[in-house]
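Here's the structure we're looking at; comments come further down.
The values are calculated or read from the model by the stated rules, or taken from the named source; none is laboratory data. The model shown is predicted, which means the values in this text are computed figures rather than measured ones. Here the Cβ positions follow ideal geometry from the backbone for every residue, glycine too, while neighbour counts run over all protein chains shown. Protein only, heavy atoms only, side chains kept; ligands, DNA and RNA dropped before computing areas. Shrake-Rupley method; radii C 1.70, N 1.55, O 1.52, S 1.80 Å.
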Amino acid sequence: MYFAIAANDDEHQPDAKDKLKAAFADAKDPAGVEVYPGTLHGWCVPDMPVRDGKPIYSKPDAERAWGKLTELYRAALA
């Protein structure tokens with residue numbers, strides 16, 4: 001599992017990432033949990049609208065997150 005968390009989601013629920021990490025550690029199931037600084041909820045979707053004058057989509061961060069997910073799929077499905 002890989003959880004790519006938007007920074008503004010983390011601001012609203014700062015303990016969520018720690019609970020995810022702990023739950024997967026307790027289950028002895030590997031998972032990546034990462035907060036992407038400066039991102040807004042929906043930042044991986046190219047056609048997200050602009051909000052408050054700021055684009056939601058973040059191409060560099062989205063490419064990094066999709067790359068990590070693709071690596072995970074390759075490793076798990078190979």
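The residues in segment 49-78 that are at pLDDT 95 or above and aliphatic (A, V, I, L, M) can be counted, and the count is 3.
The set of residues in segment 19-49 that are part of a loop (DSSP other than H, G, I, E, B) and aliphatic (A, V, I, L, M) comprises A27, A31, L40, V45, M48. Take A62 and tell me if it is assigned to a helix (DSSP H, G or I) and open to solvent by less than 40 Å² (accessible area, probe 1.4 Å). Against the criterion (assigned to a helix (DSSP H, G or I) and open to solvent by less than 40 Å² (accessible area, probe 1.4 Å)), A62 qualifies. For segment 1-11, the set of residues classified as open to solvent by 70 Å² or more (accessible area, probe 1.4 Å) and within 21 Å of E71 (Cα to Cα) consists of M1 only. So which residues in segment 12-35 are exposed (fewer than 10 other Cβ atoms within 10 Å of the Cβ) and of a type in the set (K, R), if there are any at all? Matches in segment 12-35: K28 only.
Which members of segment 36-57 meet the condition of being of a type in the set (V, I, T), open to solvent by 40 Å² or more (accessible area, probe 1.4 Å) and under 15 Å from A4 (Cα atoms)?
Initial filter on segment 36-57 (of a type in the set (V, I, T)): 39, 45, 50, 56.
Next, only the ones that are open to solvent by 40 Å² or more (accessible area, probe 1.4 Å) stay: 45, 50.
Residue satisfying the conditions is V45 alone.
Has segment 67-76 got at least one residue that is touching a residue at least 12 places away in the same chain (Cβ under 8 Å) and of a type in the set (G, A, S)? Within segment 67-76, none of the residues are touching a residue at least 12 places away in the same chain (Cβ under 8 Å) and of a type in the set (G, A, S). Considering the conditions (1) in a loop (DSSP other than H, G, I, E, B); (2) loosely packed, with under 15 Cβ neighbours inside 10 Å, T70 is excluded by exactly one of them, (1).
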